[in-house]
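The values are calculated or read from the model by the stated rules, or taken from the named source; none is laboratory data. Just so you know, these numbers come straight off a predicted model, no measurement behind them. So basically every Cβ, Gly included, is an ideal-geometry build from the backbone, and we count neighbours across all protein chains shown.
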Amino acid sequence: MINGYNNRGVDVNLSTGKINYFNINEDILIKTLGGRGLGVYYFSKHVSPRIDALSEENALVISSGGLGGSLAPTGGRFSVTFKSPLTGTICSSNSGGFWGSIFKRTGYDVLIIKGKASVPVCLYISEGRVDIIECPELWGKTIPVLTDKLREKYTKKARVLGIGPAGENRVKYASMVNDYHRTNARGGGGAVMGSKNLKAIVVEGKKKFIPSNRELYQAGIYQADKLIRSMPVTSMAFPELGTDGLLKMVYEHDMLPHRNFQDVYHAAEDVAKISGECLRKEIFLSKKGCFNCRIQCGRSTQVGKKKGEGPEFETVALMGANLCIYDIKEIALANYLCNELGIDTISFGNTIGLAMELYEKNIIDKKNTGGFILRFGERGILEHLVHKTAYREDFGNEIAEGALRLARRHGAEKLAVVVKGLELPGYDPRASLLQALGYATSPRGGCHLKGGYAITLGFFGGSREVDRFLVDTTAEHIVTEQDSGCVADSLGVCRFSYFSIGENELSRIYSGFTGVDLSPNDLRSRAKGTINMERMFNTNAGFYRKDDTLPLRFFNEKILISGKMRAIDRETQFLPMLRKYFEVRKWNEDGIPSLYED
């Protein structure tokens, strides 16, 4: 038996009430590492690519990271894999907090949830115990109320992963929330939970893991800690300003979206009103971090009598800058409500941006919006729109479907800023060809994380920093970043730690923890296998090379970036990068892996 894993999983069928325990072959654990890799492996075996994402046939596969239970920096993250109701792609959604660490300590590496309960239920998982418990009284509760009630029923040490009203109402981008504020947000996992009548998963566990080679394990942790303390972004920028500290830098690189990505033109004084510095001055209470975090990028904040966490950079970018709403307090209050009701702030802000553009171009009006004036910069509407969306009331029912469906409904699909149906986050790809290729090739659609966190290279990659407008080597860089991101997701470490550390440190920690000697190249090879599995699932689900593209806006509309009018040239920039990407991945010209596994 490999150290560091439980070598055990549990399969729960909510339709029949049957609970099946199974052993996990050591070869599978070594091949997938855990987390994202393990989740994709089991999901691909249990779910047909062509199923309806909100049907009983979809599954939720929850998997703990390969370094879960260790003292690896930021090593408590977990992944949830499902077919996305928003996009139709495979979606691996990753989250921090403390839930993932406790789940690993219950004695399971993976939880597979299938079927649909006849009434609302929650799952309770502890060492040696898995229960399906009816809980109709919890249906309709917000995340804070749900969490408090379940911790009162069990113990204060219990950790709760649940959905709010948005998930119950099948909002296409509803999130799953743990520890009140930590989310598996992208792709609509909350809607999948809601479709199964599954309100929450409660975990309590105390299992401990002993490193196989303590000397190697501790040497790896020491080196990782040293690098995190020495790199300015992880030792100073994020601890002092949180993720919103990125805002000014993204703006200064002409990348911060404005008016539904029509341009990146903001007044510096407006950006200052929603910056990390402004957040610290106006609403900051204290720093927060996830399990075993050295970075502490989380912000406990307060607006008036209301307390919460955040807003994070992506929320400020999409629900603030993109909408021309330059008020950190208004954004924070809407962010609190998104967390309470279970809504992905990226997809919500992007979809509202589309709605505002539709309104200003007279494609929709107040008759469509339920009386709302949806001009860019309109104040005092965000909280109302969050509430309407979560409960699918009036125009909120259209917003709840996401940007692509909203645009199609009104005959304006070209205005939707999405890739494969997933709304783009807060970086305009005209300002970075690295980001452009990453968006186009991300397995879950328009995602900066699964697409390769390109800002690590284009902004502060240190010795790795590269020209963000260079075509020739972009494919190699994006493949490397995507592979590294998959390693992080599979081992269960935070992407922000990758600003400082990488596979060299993680291979030492993993080898010392588990006793399985894997080199940095071995870790990346396993990540390639996972990405190939994701690609094959999407291919079988009906996604092809034509879907590896960007919104037309980025090809057709030039804007001023770094002193030049720029758009992405499809023929001389984008297509050569895409062809080279397939070549580096060893996929054929249609983007299909030659082998299912690397």
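Kindly indicate whether residue 349 is in contact (Cβ under 8 Å) with a residue 24 or more places away in the chain and either assigned by TED's automatic domain parsing to the domain that holds residue 257 or assigned to a loop (DSSP other than H, G, I, E, B) (or both). Outline the logic, then answer.
Numbers: in contact (Cβ under 8 Å) with a residue 24 or more places away in the chain: yes; either assigned by TED's automatic domain parsing to the domain that holds residue 257 or assigned to a loop (DSSP other than H, G, I, E, B) (or both): yes.
Yes: the conditions hold for residue 349.
Give 422, 385 a once-over and let me know the one that is of a type in the set (A, V, I, L, M, F, W, C) and out of contact with any Leu (no Cβ under 8 Å at 6 or more places or on another chain).
On the way: 422 fails: out of contact with any Leu (no Cβ under 8 Å at 6 or more places or on another chain).
After applying the criteria, what remains is 385.
How about the stretch 371-423: which of its residues are under 19 Å from residue 334 (Cα atoms), surrounded by 21 or more Cβ atoms within 10 Å (Cβ to Cβ) and either among the aliphatic types (A, V, I, L, M) or assigned by TED's automatic domain parsing to the domain that holds residue 83 (or both)?
374, 382, 385, 386, 390, 399, 400, 403
Please work out which one of (1) buried (at least 19 other Cβ atoms within 10 Å of the Cβ); (2) touching a Leu at 6+ places or on another chain (Cβ under 7 Å); (3) part of a helix (DSSP H, G or I) is the condition residue 274 fails and give its number.
(3)
For the stretch 114-138: of the residues being basic (Lys, Arg) and within 26 Å of the chain's Cα centre (by Cα), which is surrounded by the fewest Cβ atoms within 10 Å (Cβ to Cβ)?
Taking the stretch 114-138 first, the residues basic (Lys, Arg) are 114, 116, 129.
This time we only want the ones that are within 26 Å of the chain's Cα centre (by Cα), so: 114, 116.
Values: 114: 20, 116: 17.
That would be 116.
Of all residues in the stretch 8-33, count the ones that are crowded, with 17+ Cβ neighbours inside 10 Å and touching a strand residue (DSSP E or B) at 6+ places or on another chain (Cβ under 6 Å).
Looking only at that region, the number is 6.
Considering the stretch 286-329 alone, what residues qualify as being modelled with pLDDT of 95 or more, over 17 Å from residue 245 (Cα atoms) and surrounded by fewer than 24 Cβ atoms within 10 Å (Cβ to Cβ)?
Of everything in the stretch 286-329, those that are modelled with pLDDT of 95 or more, over 17 Å from residue 245 (Cα atoms) and surrounded by fewer than 24 Cβ atoms within 10 Å (Cβ to Cβ) turn out to be 302, 303, 304, 305, 306, 307, 308, 324.
Quick one: residue 362 ticks every box in (1) at positive phi; (2) surrounded by 18 or more Cβ atoms within 10 Å (Cβ to Cβ) except a single one, so which number is it?
It is condition (2) that residue 362 fails.
Looking at this structure, is residue 453 touching a residue at least 60 places away in the same chain (Cβ under 8 Å), among the hydroxyl-bearing types (Ser, Thr, Tyr) and on the phi < 0 side of the Ramachandran plot? Please lay out each step first, then the result.
Details: touching a residue at least 60 places away in the same chain (Cβ under 8 Å): no; among the hydroxyl-bearing types (Ser, Thr, Tyr): yes; on the phi < 0 side of the Ramachandran plot: yes.
Taking the combined requirement at face value, the residue does not satisfy it.
Being within 24 Å of the chain's Cα centre (by Cα) and in contact (Cβ under 8 Å) with a residue 40 or more places away in the chain is the filter here; which residues of the stretch 276-288 pass it?
279, 287 - these are the residues of the stretch 276-288 that are within 24 Å of the chain's Cα centre (by Cα) and in contact (Cβ under 8 Å) with a residue 40 or more places away in the chain.
Of the residues in the stretch 530-571, how many are in a helix (DSSP H, G or I) and farther than 21 Å from residue 412 by Cα? Lay out the reasoning, then the answer.
Here is the first cut: in the stretch 530-571, the ones in a helix (DSSP H, G or I) are 530-540, 545-547, 552-556, 570-571.
Imposing the further condition that a residue be farther than 21 Å from residue 412 by Cα reduces the set to 530-540, 545, 570-571.
Number satisfying all stated conditions: 14.
Looking at this structure, is residue 368 assigned to a helix (DSSP H, G or I), in the same structural domain as residue 330 (by TED's automatic domain parsing), within 19 Å of residue 346 (Cα to Cα) and of a type in the set (S, T, N, Q)? Let's see the steps before the verdict.
Values: assigned to a helix (DSSP H, G or I): yes; in the same structural domain as residue 330 (by TED's automatic domain parsing): yes; within 19 Å of residue 346 (Cα to Cα): no; of a type in the set (S, T, N, Q): yes.
No: the conditions fail for residue 368.
What is the number of the single condition among (1) in contact (Cβ under 8 Å) with a residue 60 or more places away in the chain; (2) in contact with a helix residue (DSSP H, G or I) (Cβ under 7 Å, 6 or more places away or on another chain); (3) buried (at least 20 other Cβ atoms within 10 Å of the Cβ) that residue 503 does not meet?
In the conditions (1) in contact (Cβ under 8 Å) with a residue 60 or more places away in the chain; (2) in contact with a helix residue (DSSP H, G or I) (Cβ under 7 Å, 6 or more places away or on another chain); (3) buried (at least 20 other Cβ atoms within 10 Å of the Cβ), residue 503 misses (1) alone.
Can you confirm whether residue 33 is modelled with pLDDT of 95 or more and at negative phi? Steps first, answer last, please.
Values: modelled with pLDDT of 95 or more: yes; at negative phi: no.
Considered against the rule, which asks whether it is modelled with pLDDT of 95 or more and at negative phi, residue 33 comes out as no.
Which is more than 19 Å from the chain's Cα centre (by Cα) and not assigned by TED's automatic domain parsing to the domain that holds residue 446, of 88, 76, 37, 69? Explain how you work it out, then say what you get.
Numbers: 88 fails: more than 19 Å from the chain's Cα centre (by Cα); 76 fails: more than 19 Å from the chain's Cα centre (by Cα); 37 fails: more than 19 Å from the chain's Cα centre (by Cα).
Being more than 19 Å from the chain's Cα centre (by Cα) and not assigned by TED's automatic domain parsing to the domain that holds residue 446 holds for just one of 88, 76, 37, 69, which is 69.
Out of 438, 446, 411, 426, report the one residue that is part of a loop (DSSP other than H, G, I, E, B), closer than 20 Å to residue 559 by Cβ and free of Cβ contacts under 8 Å to residues at least 60 places away in the same chain.
446
Select from the stretch 65-91 the residues that are in a loop (DSSP other than H, G, I, E, B) and over 22 Å from residue 30 (Cβ atoms) and list them in ascending order.
Narrowing the stretch 65-91 to residues in a loop (DSSP other than H, G, I, E, B): 65-77, 84-89.
Correct list: 73, 74, 84, 85, 86, 87, 88, 89.
Return yes or no: is residue 255 in contact with a Ser or Thr (Cβ under 7 Å, 6 or more places away or on another chain) and either among the acidic types (Asp, Glu) or under 30 Å from residue 378 (Cα atoms) (or both)? Before the answer, list the steps.
Working: in contact with a Ser or Thr (Cβ under 7 Å, 6 or more places away or on another chain): yes; either among the acidic types (Asp, Glu) or under 30 Å from residue 378 (Cα atoms) (or both): yes.
Here the answer is yes, as residue 255 does meet what is asked.
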